[in-house]
Amino acid sequence: MSYLDQNHLNELRKDIKFSETLSGHPLNYHSTWGLFSPREIDEGTRLFLKHIKVNPDDDCFDLGCGYGPIGLTLAKLAPQGQTLMVDKDFMAVDFSNKNAQINHINNAQAMLSNGFQHIDRAQQFDLIASNVPAKVGKEMMSLMLHDARQRLRPEGRLYLVTINGLRQYMKRNLNDIFGNYKKLKQGAKYTVHLALK
């Protein structure tokens, strides 16, 4: 391998760094290749954060946090609450915690979990948010939605953003599991959904 190739590889191994303002909060992000949308905030997350309502004392849960754009924004919007971010990818958890530190966000932490599987069963939340991966699979989706309902406090909110192709599926399943459903926004590619406990 030539010297130039090695230099190029070393560059690729460095953290990807960028800044972005979401919901009025400018944050600095570090990410890496292999994580979802590593160089910029994806369109679904942008749409999502324009349509969710967060109270200052909400305890929030970010399901499938990636490097943390949703969870860290929730933590900024709910400074009197605690935000827990989870992902099944250890690199995502690593970068979420790193980004919390970089931005001096002390009320957010990330941990490794497959959905709610590794979260203390007694822990309850006011708001659960997820940018749902398109290929999550029906079984995992079913577990996620049922577990989310169990983990929400009374009158808690579940906010989801999905590709438009999952819109009817979400409407049907949220109505089944929560007994209610609201489409908050449908964009060109993504839909933001809400269900209340």
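Here are the numbers:
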{"quantity": "Strands (runs of 3 or more DSSP E) within segment 93-197 that include 2 or more residues without any contact (Cβ under 8 Å) to a residue 60 or more places away in the chain and touching a Phe, Trp or Tyr at 6+ places or on another chain (Cβ under 8 Å)", "calculated": "152-163, 190-196"}
{"quantity": "Answer residue from segment 91-108, given it is farther than 18 Å from THR21 by Cβ and either among the aliphatic types (A, V, I, L, M) or within 15 Å of the chain's Cα centre (by Cα) (or both) and is surrounded by the most Cβ atoms within 10 Å (Cβ to Cβ) among those", "calculated": "SER96"}
{"quantity": "Looking only at segment 120-143, and only at residues there that are in contact with a Ser or Thr (Cβ under 8 Å, 6 or more places away or on another chain) and modelled with pLDDT under 95, the one that is surrounded by the fewest Cβ atoms within 10 Å (Cβ to Cβ)", "calculated": "ALA134"}
{"quantity": "Residue tally, condition more than 12 Å from the chain's Cα centre (by Cα) and either closer than 21 Å to LYS189 by Cα or modelled with pLDDT under 95 (or both), over segment 35-72", "calculated": "10"}
{"quantity": "Members of segment 12-45 found to be part of a strand (DSSP E or B), surrounded by 13 or more Cβ atoms within 10 Å (Cβ to Cβ) and among the aromatic types (Phe, Trp, Tyr), listed by number", "calculated": "PHE18, TYR29"}
{"quantity": "So ARG153, is it charged (D, E, K, R) and surrounded by 13 or more Cβ atoms within 10 Å (Cβ to Cβ)", "calculated": "yes"}
{"quantity": "Which listed residue is part of a strand (DSSP E or B) and within 25 Å of ALA134 (Cα to Cα), from PHE48, PHE61", "calculated": "PHE61"}
{"quantity": "LEU9 being touching a residue at least 60 places away in the same chain (Cβ under 8 Å), surrounded by fewer than 23 Cβ atoms within 10 Å (Cβ to Cβ) and part of a helix (DSSP H, G or I)", "calculated": "no"}
{"quantity": "Selection status of LYS182, closer than 18 Å to PHE48 by Cα, at pLDDT 95 or above and out of contact with any strand residue (DSSP E or B) (no Cβ under 6 Å at 6 or more places or on another chain)", "calculated": "no"}
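The values are calculated or read from the model by the stated rules, or taken from the named source; none is laboratory data. No experiment lies behind these values; they were computed from the predicted model shown. Cβ coordinates were reconstructed from backbone atoms using ideal geometry, including for glycine residues, and neighbour counts include every protein chain displayed.
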